[in-house]
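The values are calculated or read from the model by the stated rules, or taken from the named source; none is laboratory data. Predicted, not measured: the structure shown is a model, and the values here were computed from it. Glycine gets a Cβ as well: all are built from the backbone with ideal geometry, and neighbour counts include every protein chain shown. Just so you know, the surface numbers come from the protein's heavy atoms only, side chains and all, with ligands and any DNA or RNA stripped out. Shrake-Rupley method; radii C 1.70, N 1.55, O 1.52, S 1.80 Å.
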Amino acid sequence: MRYFHPPLLVGPCDWHEEILSRNEFADRISALRALAGDDVDLLVHGDRLDDAALRYLSHFVPKLGPAFAWLPRQGRARLFYSGGAGMAASVRRLSWIEEVQALGRPRHDLHELLHAPGRTSRLGVAGGAGMSRALRADLLAALPPGMPMLDLDDALNRLRRRKSAAELALLRRSGAILQRTLDTLCRAPGALPAALVEAERTAYENGAQELRSTVGRASLRLAVCHGGYWTAAAVALPAADARTSEAAVIGCRRILDAMRPGSAVRSLHEHLPAGWGLSLTVTGLGLSLDELPFLTGEQRLAEGDACLVTVCIDGTDVALVSVPVLIGPSAAMPLCAIAQPMQVKHE
């Protein structure tokens with residue numbers, strides 16, 4: 001997931017094989033190699049601002065600084081983390097990778113990996129877009145002369161867009177927790193702060209790893225994480241114009257009815273009620289709340305996509321309603337119900 005600020009993440013992040021098996025990660029790595037080439041050694045980067053690539057391929061969540069997963073064509077996988085050597089036992093619980101090592105001097109560690117006997121002639125880098133300038137300089141300095149370095153971020157994003165059966169199960173569970181949280185929020189009496197406390201309790205009692213809430217001038221957004229996978233929804237507050245909010249809900253229903261594999265995002269805009277100043281955004285869901293940044297124009301939906309459909313006030317990022325959906329073989333399948341405008345006082 002990408003973060004605007006580097007928080008110390010909360011909630012359990014341990015790897016559990018019964019939730020995401022070793023075979024799941026082996027399949028992901030094999031699929032990436034199929035796109036990059038079987039002769040490529042893989043270096044996967046992540047840090048506190050952007051951990052999606054590293055999390056997708058290793059399950060590891062870097063909490064203190066940059067980290068690398070080394071996934072060679074031959075030999076054992078290795079994980080390099082920011083922190084002291086005494087943290088190794090704790091780090092091993094966060095990933096399927098058993099060989100872990102504190103990241104001491106990045107340039108030295110990378111040089112050791114890239115110059116070891118038996119290395120291939122090409123290096124594939126995933127998560128490189130989030131790499132700091134200093135770290136990228138260390139990598140370039142450690143690179144053997146003449147070794148090509150492939151940027152695999154686009155290839156990995158294409159893989160992450162298609163959810164596996166295990167990912168779909170986690171998204172459905174996250175959506176179920178989100179639904180119960182929304183139900184509690186909308187039923188709770190009194191002012192919004194008290195309602196949010198009740199909603200938070202419901203989320204964690206039902207298995208949420210993390211809950212985030214954002215109160216805007218016209219809507220409330222809730223995001224639930226379960227097993228590393230996020231769903232989210234926005235609900236209009238009484239501060240928003242009631243008729244505009246109702247039009248947004250109607251538009252959202254029409255859009256979900258029209259979504260199916262092959263639908264162009266541009267065509268979905270046509271289902272918004274005219275004359276209400278509304279616009280549509282469609283973003284990807286999964287390990288991030290914007291796993292595929294905004295889908296626009298002639299980009300088309302595909303079976304297995306997980307999306308957040310948001311109806312906004314046109315020309316702004318003010319959401320009036322949003323709902324998480326999975327794209328099935330012939331239709332969109334909402335992960336929770338479209339929330340009606342709230343009656344809780346906005347205090």
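Computed from point charges on the beta carbon alone (+1 for Lys and Arg, -1 for Asp and Glu), the dipole magnitude for segment 218-304 about its Cα centre is near 120 Debye. Applying the criteria of a DSSP loop state and at most 14 other Cβ atoms within 10 Å to the GluC sites (Glu not before Pro) of segment 97-158 yields Glu98. Accessible surface computed residue by residue for the chain, with neighbouring protein chains in place and a 1.4 Å probe, gives 44 Å² per residue. Taking every C-alpha pair closer than 8 Å and separated by at least 6 residues, the mean separation divided by the residue count of the chain gives a relative contact order of 15 percent. Quick check: at a probe of 1.4 Å, how many percent of the accessible area of segment 241-347 sits on carbon and sulfur atoms? It is 52 percent, rounded to a whole number. Rolling a 1.4 Å probe over the protein heavy atoms of segment 113-161, with every protein chain left in place, gives an accessible area that is 55 percent carbon and sulfur.
Taking a Cβ cut-off of under 12 Å around Ala331, the surrounding Lys, Arg, Asp and Glu residues balance to a net charge of -1, with basic ones at +1 and acidic ones at -1. Long hydrophobic helices in the chain, taken as whole DSSP H segments with a C-alpha length of 18 Å or more on their own axis and mean Kyte-Doolittle hydropathy at least -1.0: 22-36, 165-187, 192-205, 242-258.
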